[in-house]
Amino acid sequence: MELHLLFEKQYNELEEAIDEIAERINKLGSKTIGTMKEFLDATHLKEAPGEYPSRKEMIKELMEDHETVIKELRKAVEQCQDEYKDAGTADFLTGLMEEHETNAWKLRRYLD
């Protein structure tokens, strides 16, 4: 039950982040993606259809997904600062990165 609550909390945080990301994109005058194909084409995460990991493997995979997102966000923050000179988006992405760092840290504790 503890893991269920942890995963549910992370799911809810991600759902909220998706909405905030879409709002940020719209504020900057761009269109947001919305189809599953567009999301799958844009992702850096790997899917594993037909695989059913153990509890420990599931935690490890989710932690690694957070770490992948962290790495991509770090690159995006640098790009926003250096290339686009967009402090607002850099700050926004830094906040998202910190949330993923916290979630990865929480998951890492289950694996120790």
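Every number in this text was worked out from the coordinates using simple rules, so none of it is lab data. A quick note: this is a predicted structure, and the numbers were derived from the prediction, not measured. Counting neighbours? That spans all protein chains shown, and the Cβs are built from the backbone with ideal geometry, glycine included.
Descriptive notes on the structure:
- Each Lys and Arg Cβ is given +1 and each Asp and Glu Cβ -1; about its Cα centre, the chain then shows a dipole of about 140 debye.
- In this label model, TYR84 and LEU45 are separated by 2.1 nm, measuring between points 7 Å along each Cα→Cβ vector.
- Rounded to the nearest 10 degrees, the inclination of helix 87-111 to the longest alpha-carbon principal axis of the chain is 10 degrees.
- Summed side-chain charge close to GLU64 - residues other than GLU64 whose Cβ falls under 12 Å, Lys, Arg +1, Asp, Glu -1: 0
- Helical content of the chain, expressed as a calculated mean residue ellipticity at 222 nm, amounts to -26500 deg cm²/dmol (DSSP H runs of 4 or more residues, -39,500 (n - 2.57) each, divided by residue number, nearest 500).
- Potential lengthening between LYS60 and GLU20 on full extension [0.36 nm per residue; Cα-Cα distance subtracted]: 11.7 nm
- Considering only TYR52, TYR84, TYR11, the mean-square fluctuation computed in a Gaussian network model of the chain, springs between alpha carbons under 10 angstrom, is largest for TYR52.
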